[in-house]
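The values are calculated or read from the model by the stated rules, or taken from the named source; none is laboratory data. This is a predicted model, so every value here is computed, not measured. Positions of Cβ are generated from backbone atoms using ideal geometry, with glycine treated the same way; all protein chains shown enter the neighbour counts. Ligands, DNA and RNA are stripped out before the accessible areas are found, and what is left, the full protein with its side chains, is counted by its heavy atoms. Shrake-Rupley method; radii C 1.70, N 1.55, O 1.52, S 1.80 Å.
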Amino acid sequence: MEKTISAYKVHIETFGCQMNEYDTEVVRSLLKAKGFVFTEDRECADVILMNTCAIREHAHNKVYGHLADLKALKRQRKLVVGVLGCMAQNLKEEVTVTAPIVDVLVGPDSYRQLPDLLTRAIASQRTGDVAKGIAVDLSEYETYQDIMPERAAGVTAWIAIMRGCDNFCTFCVVPYTRGRERSRDPQGIIREAEHLAAQGYKQITLLGQNVNSYRFEDWDFARLITGVADVPGIKRVRFTSPHPKDFPPALLDAMAGHTHICKHIHLPLQAGNDRVLKLMGRTYSRKGYLDLVEVIRRRSANIALTTDIICGFCTETEEEFLDTYRAVQDVGYHAAFIFKYSERKNTIAARKYQDDVSERIKSDRVTRLVDLQKAISLQKNRSMIGQTVQVLVEGDAKRSSDQWMGRTDNNITVVWEKCGTGTRPGDFTPIKISRVSATTLLGEEIPIR
Ligand code: SAM
Ligand code: SF4
């Protein structure tokens, strides 16, 4: 007897950023509505989907590595393989030619077509056909506004408030893989937040490639984040990422005035040298960025700043890199994601500039910056020893189920021993910090009398 769709088990692997994690939740919702079921175990899956990232070479190679594994699996049994997300969009010819085992290829704006394409791929495997299902058109309107993402139970959730990006930073593939910028209707976002609160979620992170440019009729980002922070039951709201070129004072007012909006800003610097920033198309200067940091800190002295930096962009000299190094010293970030420049197909930099900084120099610059950032983070964390911080308990620590893990309002990870106090995920618990590393605060729970 032939299997019905509900007997086909789907396994999804997600690569890349939080936006991709969110998209996987949208995909799960779309597939569940059509009767598909899911499995965490790829060994017993009939359909394996990879939601991919194209942002750097490394992410791209990882997906090719997984596709090679699946080739072996597909020789042993019937299996439908799908590539979703940014690689599907940007590398459609390459993926279908170099990885003929891929049956279905679906870009970030075409997930609504996925259930039908999978159903057809399953049917064609039954009949021995090899027809491929490809849907990679970009849309100016798709926001999945009506889809309630299928989330794993927990206390923290993401909501995408916009999709795409119009900035065209010269190094970045996002405008080509995710298309034009579009904002979601705020009422739908607030309804999603209310739904999350009713399910017991305590924290929401609002996602967009440039949240400052959120616009829907007369709603801007400051109004939206305040609306989400006002939802009863939601105790913490975070956001990522704002672009330094247009950080609105109204957002700082909202952050200073609302206790539910977390005191943390991820403010990507990318480079601390004006010529390199210009070449990257970032449209702010080193001084403009540092002035903004000062304004932010004057408004909220206890705010934590984190950033993204790219080392070894086209033609970056040692002196120019040292400007970035000094900017990192000057700002004193709580944490930084530091990347080697990775040339991406179709981008302005790939078309116009030469990727002429050697791998050795790129790696050396990354190492020096990572070492600097570690020392700064350690120093900041050491200053917390002896203090008591309010932590949202997220769940078991990664290393041991005898420990809890949570985060401060500033987004710093805290780990402590479980001590039979009845603490649960979703609780807000005071923790006295006793030891630290560059990435984590360790402490003891203070019993609430
Ligand atoms: N929209 C965010 C912004 O404007 O900062 C960035 C989103 S991007 C998904 C995340 C980070 O990846 C960027 O901030 C940048 O540091 C890094 N990135 C993007 N393209 C890159 C490339 N070609 N090579 C290395 N790192 C890259
Ligand atoms: Fe990429 Fe720039 Fe858009 Fe960020 S703002 S997603 S770096 S193009």
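Between A438 and L322, the distance separating the two model label sites (each 7 Å from Cα on the Cα→Cβ line) works out to 2.2 nm. Return, ordered by residue number, the residues of region 135-156 whose backbone nitrogen is under 20 Å from a label point located 7 Å along Cα→Cβ of E217. Residues 141-147 fall inside that zone. Short-range pairs are left out: with C-alpha atoms under 8 Å and at least six residues apart, the relative contact order of region 141-273 is 22 percent.
Pull up the DSSP beta bridges for region 79-223 and report the antiparallel fraction as a percent, rounded to 5. DSSP beta bridges in region 79-223 are roughly 25 percent antiparallel.
If each residue of separation counts as 0.36 nm, what is the full-extension length gain between F428 and Y64 once their alpha-carbon separation is subtracted?
Details: separation 364, 0.36 × 364 = 131.04 nm, distance 4.19 nm.
Full-extension gain reported as 126.9 nm.
Mark the label point 7 Å from the Cα of E94 along Cα→Cβ and return the residues of region 282-301 whose backbone N is within less than 11 Å of it. No residues fall inside that zone. Which residue, I225, I134, I385, has the most motion in a Gaussian network model of the chain that connects Cα atoms within less than 10 Å? Of the options given, I385 has the highest mean-square fluctuation. Here the gap between D355 and K278, fully extended at 0.36 nm per residue and compared with their Cα-Cα distance, gives a gain of 26.1 nm. In the chain, a dipole from Cβ-located charges (positive for Lys and Arg, negative for Asp and Glu) runs towards its positive end, and of S434, A335, G281 it is S434 whose Cα lies farthest in that direction. In a fully extended conformation the segment linking K71 and A198 would gain 41.4 nm over its present Cα-Cα distance, using 0.36 nm per residue.
The residues of region 284-354 have, on average, 46 Å² of accessible surface per residue, using a 1.4 Å probe with all protein chains present. Placing unit charges on the Cβ atoms of the charged side chains and taking the dipole of the chain about its Cα centre, the candidate lying farthest along the positive direction among C172, L305, V106 is L305. Magnitude of the charge dipole for region 345-403, about its Cα centre and with charges confined to Cβ atoms of Lys, Arg (+1) and Asp, Glu (-1), is about 300 debye.
Here the contact order of region 398-449, divided by its residue count and restricted to Cα pairs under 8 Å and six or more residues apart, works out to 31 percent.
Put simply, the chain fits an ellipsoid with semi-axes of 36, 29, 22 Å; these come from the alpha carbon gyration tensor as the roots of five times its eigenvalues, largest first. In a reduced charge model with +1 at each Lys and Arg Cβ and -1 at each Asp and Glu Cβ, region 211-269 shows a dipole moment near 320 debye about its Cα centre.
Given +1 on the Cβ of Lys and Arg, -1 on the Cβ of Asp and Glu, and no further charges, what dipole in debye does the chain carry about its Cα centre, rounded to the nearest 20? Before the final figure, lay out each step's value.
Numbers: 62 positive and 57 negative charges, 117 e Å.
In total the dipole reaches around 560 debye.
Pairs over the 28 Å Cα-Cα cut-off, from the set K62/K92; K92/K278; K34/K92: K92/K278. The distance linking region 1-64 with region 251-303 is 36 Å (Cα centroid to Cα centroid, whole angstrom). One equal scatterer on each Cα of region 64-140, no solvent, Debye formula: the resulting log10 I(q)/I(0) at q = 0.18 Å⁻¹ is -0.70. The residues of region 68-218 present an accessible area of 42 Å² per residue when probed at 1.4 Å with all protein chains retained. Using the Cβ of A350 as centre and a radius below 11 Å, the other residues enclosed give a net charge of +2, where K and R count +1 and D and E count -1.
DSSP bridge analysis restricted to the chain gives an antiparallel fraction near 35%, rounded to the nearest 5. Within the listed set T226, T98, T170, the Gaussian network model of the chain (springs between alpha-carbon atoms below 10 Å) gives the highest mean-square fluctuation for T98. Taking the charge dipole of region 378-423 about its Cα centre, with +1 at Lys and Arg Cβ atoms and -1 at Asp and Glu Cβ atoms, the residue from G406, Q379, Q390 reaching farthest to the positive side is Q379.
If both residues of a DSSP beta bridge must be in region 161-279, then about 40% of such bridges are antiparallel.
Electrostatic tally near K418: other residues with Cβ closer than 9 Å to its Cβ, Lys and Arg +1, Asp and Glu -1, net -4.
Surface composition of the chain: carbon plus sulfur atoms contribute 51% of the solvent-accessible area (1.4 Å probe, protein chains only, all chains present).
Could you identify which residue out of A123, A397, A160 has the top mean-square fluctuation in a GNM of the chain using Cα springs shorter than 10 Å? Comparing A123, A397, A160 in the GNM, the peak value goes to A123.
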